[in-house]
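All remarks here apply to the structure that follows.
The values are calculated or read from the model by the stated rules, or taken from the named source; none is laboratory data. Fair warning: this is a prediction, and the values are worked out from it, not measured in the lab. Counting neighbours? That spans all protein chains shown, and the Cβs are built from the backbone with ideal geometry, glycine included. Heads up: the accessible areas ignore ligands, DNA and RNA and are worked out on the full protein's heavy atoms, side chains in. Shrake-Rupley method; radii C 1.70, N 1.55, O 1.52, S 1.80 Å.
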Amino acid sequence: AGCDQEYVMNIDGSGVHRVSNGLGRTTCGYFYDNDRRILYSSTFEHDAACPVRPDMSKGYVWPLGHFEIYAARSDGSELTKLTDDKAYNAEATVSPDGKRIIFTSTRDGDIDLYSMNIDGSDVRRITSRIGYDGGAFYSPNGKQIVWRASYPVTATDSADYRGLLAQRLVRPAALEIWVANADGSEPRQVTRIGGANFLVNVDGTGLEQVTFDADFDGFPMFSPDGKKLVWASNRNAKTRGETNLFIADWVQ
């Protein structure tokens, strides 16, 4: 009990229902195939119990659990396993043409981006720089990718990163936005702000703050028509760390 699972609901927040099996921990849900199918990651085959929470004496860290990527119908049926290497496989999204999945994995010893066919075949490594590469999306035409990255700069940074990685942890402090071609070529940094970043023009211009709450606001996503923005926030929390979803009109 009390472990993250995948849920689906209507745009107004009604009709909330679980679509994962209730075992292990799940993360990174994503609709595709005209909302007929979903992707998400789960630890349930590694261990049906809830994973142990990380030791926060190390500061704010994200656990890189034993996640595999699964596909299913949007009602949760017909569950299909797409990865199987006992690494961290998560943060998966789908290309606009529905043919490729881009995801984050630790399968080769670092936290890098990979792509694969929609059925899990033809896995290709996209990034290779030491550091965290995650949260990737394809551009609307499928020719580019955007992701968040944090690369160690100093020897101390590198030692800290590698030490945490050996414990299947990462410290997501300064995540800057990067853009590259879909195969990972011609990568370029878009933001140089510090902190964890999520939205900006593709060339780094036009940076505009759109939320002003004192608490965490993150993981924004536009609706397909670009008229709504949905995001997660700790605002109005009844208990410390409680996160809820919020939706607003997007007014240019």
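Projecting the Cα atoms of Asn21, Val153, Ile118 onto the dipole axis of the chain, where Lys and Arg carry +1 and Asp and Glu carry -1 at the beta carbon, places Val153 farthest toward the positive end.
Placing a label point 7 Å from the Cα of Asn236 along the Cα-to-Cβ direction, the residues of segment 2-18 whose backbone N falls under 14 Å from that point are 12-14. With all protein chains in place and a 1.4 Å probe, the accessible surface of segment 65-107 carries 45 percent carbon and sulfur. Report Ile177's accessible area, 1.4 Å probe, all protein chains in place, as a number in Å² to the nearest 10. In the full protein context, Ile177 sits at about 10 Å².
Here the chain is treated with +1 on each Lys and Arg Cβ and -1 on each Asp and Glu Cβ, and its dipole about the Cα centre works out to around 260 debye. What a 1.4 Å probe finds exposed on segment 131-228 is 55% carbon and sulfur by accessible area, rounded to a whole percent. On full extension, the segment bounded by Arg129 and Thr80 gains 14.6 nm, given 0.36 nm per residue less the C-alpha separation.
Shown here is the pair-distance distribution of segment 203-252: with all Cα-Cα distances grouped in 10 Å bins from zero up to the longest one, the shares run 23, 48, 25, 4 percent. Helical runs (DSSP H, four residues minimum) scored at -39500 (n - 2.57) apiece and divided by the length of the chain put the mean residue ellipticity at 222 nm at -1500 deg cm²/dmol. Which lysines, if any, have their Cα less than 20 Å from the Cα of Lys81, not counting same-chain residues under 8 positions apart? Partners found: Lys99. No disulfide-compatible partner, judged by a Cβ distance under 4.7 Å, exists for the following cysteines of the chain: Cys28.
Please compute the per residue accessible area over the chain with all protein chains in place, 1.4 Å probe, rounded to a whole number of Å².
56 Å²
Computed from the coordinates I sent, mean projected area of the Cα convex hull in nm² equals one of (i) 17.1; (ii) 13.9; (iii) 15.7. Tell me the label. Computed from these coordinates, mean projected area of the Cα convex hull in nm² corresponds to label (ii). The peptide list 215-227, 19-31, put in order of mean Cβ contacts within 10 Å with the highest first, becomes 19-31, 215-227.
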